[in-house]
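The structure appears below as structure tokens.
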Amino acid sequence: MKYSTKLLWSIPVFLLVVPYATGFLGYQKAYGSFPISPALYATIISACLGLAAAFLKPVFPKSTILLLCLLGIRSLDAVILGRAPDLLDENLGLYFVFDLVYAAALISVTGDSNLLKSCTLLCAAVALGFVCTLNIWEWYSPGYFSNVPGRSAGWLENANDSGIAICLLLALLLALQLPIWVNALIMAGSGLGIYVTLSRGGFVVWLLTCAAALVAQARKGIKLLVCILLFSAVACYVIFQFFDFRTLVDPDQIWRQGLLTGESSVDLSQEDRFEVLLVAINGIMREPLVGYGTGSSHGYPYSPHNQALGVWIDNGILGIVLFLAAVFCLVRECFRAGPFLIVGCVPLILEIPFSQNLLDNKSYLFSWVMLAALAWHAKPAHKRVALNPKELRSISLRGRNVSHSKL
């Protein structure tokens, strides 16, 4: 199949990823203006991508297989066992099934390296641009989208989810090793998009992601590192000249803004997150083996703000083992593939202690599947060929025969 024909399959990937990664479908559903239901929309596009998988021969890295197993267990727990909590007479089980379908649909374009990179670049760039632009727009129109006025979130409605999406999409673009001036603009623009969310965790993850990218760039040469720092400095100067970092009215928002500028400090004894973390740990100690059912960590009744603890609360010991194994495999795959793919791993790992709903975040699933596939293609070809023991023994015997014949 020609690459131009394969490239057509990037269209359904784009239509699946961008609306969910930016929160567009959720926002439109809330206001009732989307022409078809998001569930039907996702079903149609996922079916198209399922058809594409039959022709494009996708790859299945270990980390992706473990992720799909975890999402499958969460779906079975929610639908078959019926342990998902009911919310406003609406069972959440089908939402967790869609997480599995969404991740599986993305795998369809992972078989071809060029197609994979094209889809990753297109989807990540457009989604990041939308999220940051809407966040900045909302900074000048507080409460236009966000469920917390003063904290920009765009169509995602939740400022923390917006911060997570920005960091994940930024890291994915940096992993593609784009030109240094493009990376500088992306880092500066995403930094502004993160700032207006006033997300403390998001800002920390953004800083560490950019630092990891600079370290990876330094390995290619000091001159390139100096260039990207200069481009970033120019971009930041322009932003500070034209952007209005005005003081907000709400005391909590002023305090959050002070944290980002260094004018405020955190009193750990007053942090609610430590209280909910202890409540979650106590809940795990009561039901360590089977948990309480998928979705129980989403505030019904637990909200640990930690994905590892959230999986344990939801799906018990099997869930946490699968999650940690998948994370370990992903880091190992990216480490073996190169330093820039390690940059892509940074927010995937660092966001774990800040949120319990990462596995329901479509940007997180998109970044995971694409990054694992990029790492798979970045490995030398001979390392991607899996030989069974019989084939290895036959190759060894042929080698010995050849050496004896030469003697």
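Just so it is clear, none of the values below were taken in a lab; they were calculated from the coordinates. Note that the structure is predicted; figures quoted are calculated from it, not measured. Note: ideal-geometry Cβ built from the backbone for every residue, glycine included; neighbour counts use all protein chains shown.
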Along the Cα→Cβ direction, 7 angstrom out, place labels at ALA39 and PHE328. What is the inter-label distance in nm? 3.8
Per 0.36 nm of contour for each residue apart, how much would the distance between ASN114 and ARG273 grow if the chain were fully extended, relative to their Cα-Cα spacing? 52.9 nm
Could you sort the peptides 183-189, 273-279 by per-residue average Cβ neighbour count (10 Å cutoff), highest mean leading? 183-189, 273-279
On a full-extension model of 0.36 nm per residue, what is the gain between VAL226 and PHE55, subtracting their alpha-carbon distance, rounded to one decimal in nm? 57.1 nm
For GLY23, other-chain or 5+-apart residues with amide H closer than 5 Å (H placed, Pro excluded) are none
Could you line up LEU94, LEU330, LEU371, LEU100 from fewest to most neighbouring Cβ atoms inside 10 Å? LEU94, LEU100, LEU330, LEU371
Going residue by residue through segment 323-338, the Karplus relation 6.51 cos²θ - 1.76 cosθ + 1.60 with θ = phi - 60° gives ³J(HN,Hα) values, rounded to whole Hz and with x marking Gly or Pro, of 5, 5, 5, 5, 4, 4, 5, 5, 4, 5, 4, 6, 4, 6, 7, x
Pulled fully out, how much extra length does the chain show between ARG219 and GLU287, if you take 0.36 nm times their separation in residues and subtract their Cα-Cα distance? 19.8 nm
Rg to Rh ratio, segment 87-200, alpha-carbon atoms and Kirkwood radius? 1.04
Modelled FRET efficiency - R0 45 Å, VAL182 with ILE80, Cβ distances, 0.05 increments: 0.45
Tell me, what is the percent relative contact order of segment 267-343, built from C-alpha pairs under 8 Å that lie six or more residues apart? 26
Integer Hz, Karplus 6.51/-1.76/1.60 couplings in order for segment 216-222, x for Gly and Pro: 5, 5, 5, 5, 8, x, 5
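Of LYS6/LYS220; LYS6/LYS62; LYS223/LYS362; LYS117/LYS220; LYS57/LYS223, which pairs sit farther than 29 Å apart, going by alpha carbon to alpha carbon?
LYS6/LYS220; LYS223/LYS362; LYS57/LYS223
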